[in-house]
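The values are calculated or read from the model by the stated rules, or taken from the named source; none is laboratory data. Just so it is clear, the model here is predicted, and its values are computed rather than measured. Backbone-built Cβ (ideal geometry, glycine too); neighbour counts: all protein chains shown. What goes into the accessible areas is simple: the full protein's heavy atoms, side chains included, and nothing from ligands, DNA or RNA. Shrake-Rupley method; radii C 1.70, N 1.55, O 1.52, S 1.80 Å.
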Amino acid sequence: MKKTALDDDASIYQPREEESEKQKWSRMDQGQRIQYFFDYYLLKMIIGIGLFAVIGYLIWSFVKPKDETVLCVAFIDEQLDEKKKEELTEELNRLCQADGKKKKVMIDDAFYMQDGGLSKLEVYLYNQQADIIIAEEDTWKRLAGYGFFQNMNEFLDEKSIKTYEKQYVFASGYKETEEVSMEDTETGQGKELPYGVSISESSRFRDIKNHLERPVLAVADNAPNGENAKKFLDYLLENKVRE
């Protein structure tokens, strides 16, 4: 075996003992310690804090109480006065015993039939987000024909029916049948029923509206907040059916 020019006990053949972090730290002056911290620990610390923040946010998003809409009123082809809209929202929050933050009433007057309003309404109804729909009578009849609304005689109790039946508005609903030809349509072919209540005489509605002349109030077929929807109807028509 060929010998090297170095002795067998040369330093490169000696096993190196790795310095501990404590030893490294002890032999550094203050400037070296600061530089060492920036070089070896700062990036790791930033990454660790970032991961901790992301995990914490995900956990909080999962466990925090969800905001709850206690009543959603959709106005079709109407633009409410903003100040009066805010005042109405506050009044309805009190009526529905909501704090306006975690539990709140939502009034949405951004449904325009010529600008995607029907599609937006369908999304609301599909996700059970809308309770009350208010629209001009002609538009309301079209929407009733799609099967969007509840029969008021089934939605209201006996006392409320007697109170509001003179203000009922009738329309043909959706026809539930499989026997439909290519030229026919199921919309607006159903039985004529009271799917709405006229609110033309409501002074409270006249105070906030700008465009609707023959407004009809309807209750969404799958309204999630039925009791509050009844309270809203009573409020608009200034009846104390429910205490």
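Taking one quarter of the surface of the C-alpha convex hull of region 96-160 gives a mean projected area of 6.1 nm².
The order of Leu236, Leu118 by accessible area, most exposed first and with a 1.4 Å probe, is Leu118, Leu236.
Ranked by the mean number of other Cβ atoms within 10 Å of their residues, highest first, the peptides 101-108, 215-222, 78-85 fall in the order 215-222, 101-108, 78-85. Rg over Rh for region 93-203 works out to 1.01, using Cα positions for both radii and the Kirkwood form for Rh. Computed over protein heavy atoms with a 1.4 angstrom probe, the accessible surface ordering of Lys120, Lys166, largest first, is Lys166, Lys120. Taking θ as phi - 60° and the Karplus parameters 6.51, -1.76 and 1.60, the scalar couplings of region 43-53 work out to 4, 4, 5, 4, 4, x, 5, x, 5, 4, 5 Hz in sequence order, x denoting glycine and proline. In the complete set of protein chains, residue-level accessible area for Met113 is approximately 40 Å², probe 1.4 angstrom. Modelled this way, with points 7 Å down the Cα-to-C-beta line, the labels at Ser200 and Tyr168 are 1.8 nm from one another.
Across region 200-215, rounded Karplus estimates of 3J(HN,Hα) from the backbone phi angles (6.51 cos²θ - 1.76 cosθ + 1.60, θ = phi - 60°) give 4, 8, 6, 5, 5, 6, 4, 6, 10, 7, 10, 10, 5, 9, 10, x Hz, Gly and Pro being marked x. Less than 5 angstrom separates the built amide H of Cys72 from those of Met106, Asp131, Ile132, all sequence-distant by 5 or more or on a different chain.
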